[in-house]
Structures are given as C-alpha cells and as structure tokens.
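In what follows, a structure is listed as structure tokens, so that the remarks can point back to it.
The values are calculated or read from the model by the stated rules, or taken from the named source; none is laboratory data. Quick caveat: nothing in here was measured; it's all calculated off a predicted structure. Backbone-built Cβ (ideal geometry, glycine too); neighbour counts: all protein chains shown. These accessible areas exclude ligands, DNA and RNA; they are computed on the full protein's heavy atoms, side chains included. Shrake-Rupley method; radii C 1.70, N 1.55, O 1.52, S 1.80 Å.
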Amino acid sequence: MIKESLHKRESSLSYPEKQLEYLANGIFKNGELPTFKSKIEASNQYPLRTKKIEILQLNLGYMCNQVCEHCHVDAGPDRKEIMTKETMAYCLEVIKKSRVHTLDLTGGAPEMNPNFRWFVEEASKLGIKDFIVRSNLTIVKANKKYHDLPLFFKEHNIHVVSSMPHWTKGKTDKQRGDGVFDKSIQVLQELNGVGYGMPNNELRLDLVYNPSGAFLPGNQSAMETEFKKSLLAEFNIQFHNLLAITNLPISRFLDYLIVSDNYEDYMYTLVEAFNPAAVQGVMCTNTLSVSWDGWLYDCDFNQMLELKVNGKTKHIKDFDNEQYADREIVISQHCYGCTAGAGSSCQGSVSQ
Ligand code: SF4
Ligand code: SF4
C-alpha cells in the first residue's frame, strides 16, 4: 500500500512532461500501435472539437486524506496545492455569465479546501441545475469539523458522487487504503439517513467504480445491479447510479502499469477496444476544467498532464465563452482511456 504521492517521493513520473514522453515513445513511436490522433483521423473525427460548455469542473486542490493506488491526481496529505478564494471568485463570475448547467467540484478531497463551504454557499445561489461534489466519503470521519458534511450537502442540494471500487472490504482497501471500506460504509449509511440515495428522493447519491488492475470496467448497468444487491443485503445501503470509469494511463495509474509490467498490454487493450462511436461523447466536448491555480484545461486528465486549452487566453480570469465553446481539444495517447469499449467519462460510460 502506497503512503506518499509520486510528488513527495520525487518520482520522475510526477512530472507531466515525463508522462507525456512515456506516452509518445515506445510502442507508439515505433508504430506498433497507432497514435490517438491517427486513430481518430481514420474515422474522420480529427480534429476533435468542443460542442458547447455545459459543465464546469473545478479542482479545489490536490490535498486529500487518502493516498489511493490509482489516483490520477497524485493527491494525498502531502500535497499543498489549494484553490484560493480569489480564484474561486473568478469561477463564480464565470458561472454567472456562462450558461453551464453543471458544476462539478473535485480534488483531492474538495472539502479540505478552507473556503469550500463559503464557495458552495455562494455557488448554490446561482441556479445551477446539477451541483456535484466528488467526495471520497472518509473525509467525513477524518476530523470532527467534517462530521456534519452530510447535512451540509443536503442543505445545499448537492449531488454527491463517491468512489467505491467494490462492495467488499478487501478489494476496496487494497485500492484505497486500510480502513477506507468500513468508514465509507458508515458514511454511506449516514447519507442514506439524511435522505441521500433513497428511491424517489431528489438528493442524488452516485457511486463510482474503477477497475482495481490493468483491465477495462465491465458493463455499467450489470455492475450497478450487483452493487445495489450486495450493498443493500449486507449493509442496508441504497444509492442511485453506478458510474463505471476506465483508469487512464497517467500519474499513479501509469506508475502502477510500469512497475507491474502491464503498460504495453494495457495500451494494447485500450487500442483494441477503441470505439469510434464513443469519440463524440467524450467529456471534453462539453466540459471546461479549472485547476487549483485557475488555469483552463479540456478535462481533469489534461490538467494533470498540464496540457492547457487551445485559445488566446488560458486562465479563468480571462474567461471568454465564445472562444472556449468552439475549440480544438488537446489530445494524446491517454485519450484512448475515454474511447475504449462503452467509453468513459466523469459521468460514467459514454454509451452502453
Ligand atoms: S480519494 Fe480520490 S483524490 Fe484522494 S487519493 Fe483517492 S482517488 Fe485521489
Ligand atoms: S482524456 Fe480528456 S481530452 Fe482526452 S478524450 Fe478524454 S476527456 Fe477528452
């Protein structure tokens, strides 16, 4: 079980340029596998462009109380990058003047940002249709200042989306750390207790599944049925939807692939499962992602690789709806993770 981020361990893979170098060389440079660009060119989908901006995803910081094995953010307690109140204020201005219908707060653990509650209170006055917080659940138990989060979420009608890689303790703790499963179960019960995840209740509670190794997720709706059956029978827990997400070959998952000697096999799996029909549904076609320091990206993954958006301006303080609503998306080989099989996005499968 890992205890520190790649950043803290001073791993070369903590540098985005090293990850991009890895993804550009080897099997992609020697022509064994086609690059993502040539693959989408072959189905007349290059260049990939946005359609409109409907979702604003904000990364409130890389600090987290967990150090999960496959974290694409390389988050952990040792990360100090946190969005300032000033940058949050720029984001509020953008929400007011753009037509985004979904606001998606992520991290790290977004709740660890000292201005998290202030921001949620301000943003929830702006009439956002779907206000998501990606909560790792265990944060509620990490300190007594977080114990009332389920009620705080309810008060602001937050849509809670939480990772839960399996309904068994062994598989969950292996990926997310010792003790994570038990705490997650307690918090899911607390969320159910205030109304989250119950049938016919508008307080949305969705769970996220991602595979524990170098393989693709199974069928999303079949897994949802299994998760629902098991969590209800064993822990009396209910939730709305299961979102199945493919692990992208970046950051700690890329490190895991290389260390376990699975990198080439995994890239073969992604390329062989390439689904041209999933390309137009990838999340960068309707999302803009904002980093903790206010830079703009096509998605959270590009953010971690420091591939900024195409456009004359690239910072939230210079936001220009027209410019970003029709932009060419920056791609690399990691994008194969979004187009394999049923496709994958922060909202789960792109198609079934
Ligand atoms: S809880 Fe989420 S952000 Fe934190 S280490 Fe795990 S995957 Fe990364
Ligand atoms: S990784 Fe990002 S840029 Fe690439 S296809 Fe996925 S969402 Fe789009």
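Kindly evaluate CYS346 against the criterion of being within 14 Å of ILE55 (Cβ to Cβ) and open to solvent by less than 20 Å² (accessible area, probe 1.4 Å).
Working: within 14 Å of ILE55 (Cβ to Cβ): yes; open to solvent by less than 20 Å² (accessible area, probe 1.4 Å): yes.
Yes, satisfied.
Which of (1) away from ligand 2 (no atom under 16 Å from the Cβ); (2) in contact (Cβ under 8 Å) with a residue 60 or more places away in the chain; (3) assigned to a helix (DSSP H, G or I); (4) surrounded by fewer than 16 Cβ atoms within 10 Å (Cβ to Cβ) does THR269 not meet, given it meets every other one?
(4)
Which of the residues that make up the stretch 249-266 are open to solvent by less than 10 Å² (accessible area, probe 1.4 Å) and either of a type outside the set (Val, Ile, Thr) or not in a loop (DSSP other than H, G, I, E, B) (or both)? Give the steps one after another, and end with the answer.
First, the residues of the stretch 249-266 that are open to solvent by less than 10 Å² (accessible area, probe 1.4 Å): 249-254, 257, 266.
Correct list: PRO249, SER251, ARG252, PHE253, LEU254, LEU257, TYR266.
Please list, ordered by first then second residue, the pairs with beta carbon atoms under 6 Å, 6 or more apart or interchain, first in the stretch 330-341 and open to solvent by 10 Å² or more (accessible area, probe 1.4 Å), second outside any loop (DSSP other than H, G, I, E, B).
Sorted first by the residue in the stretch 330-341, then by its partner, the pairs are VAL330/ASN302; ILE331/PHE36; SER332/LEU23; GLN333/LEU23; GLN333/PHE36; CYS335/PHE36; CYS338/SER344.
Going by the conditions given, is LYS312 closer than 21 Å to THR87 by Cα and at pLDDT below 95?
Judged against the criteria, LYS312 is a match.
I want to confirm something. Restricting to the stretch 38-49 and keeping residues that are out of contact with any helix residue (DSSP H, G or I) (no Cβ under 8 Å at 6 or more places or on another chain), open to solvent by 60 Å² or more (accessible area, probe 1.4 Å) and of a type outside the set (Gly, Ala, Ser), which single residue is farthest from LEU254 (Cα to Cα)?
Within the stretch 38-49, the match that is farthest from LEU254 (Cα to Cα) is ASN44.
Yes/no per residue for (1) modelled with pLDDT of 95 or more; (2) polar (S, T, N, Q); (3) under 18 Å from GLN57 (Cβ atoms); (4) within 13 Å of ligand 1 (Cβ to nearest atom):
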position: SER98; (1), (2), (3), (4): no, yes, yes, no
position: PHE116; (1), (2), (3), (4): yes, no, yes, no
position: LYS154; (1), (2), (3), (4): yes, no, no, no
position: ILE158; (1), (2), (3), (4): yes, no, yes, no
position: PRO165; (1), (2), (3), (4): no, no, no, yes
position: THR168; (1), (2), (3), (4): no, yes, no, no
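Go through the stretch 27-37 and count every residue that is within 17 Å of GLY337 (Cβ to Cβ) and open to solvent by less than 80 Å² (accessible area, probe 1.4 Å).
The qualifying residues number 6.
Could you check the stretch 284-329 and list, in sequence order, the residues that are out of contact with any Gly (no Cβ under 8 Å at 6 or more places or on another chain), more than 15 Å from ligand 2 (Cβ to nearest atom) and touching a residue at least 40 places away in the same chain (Cβ under 8 Å)?
ASP293, GLY294, PHE319, ASN321, ALA325, ASP326, listed by residue number.
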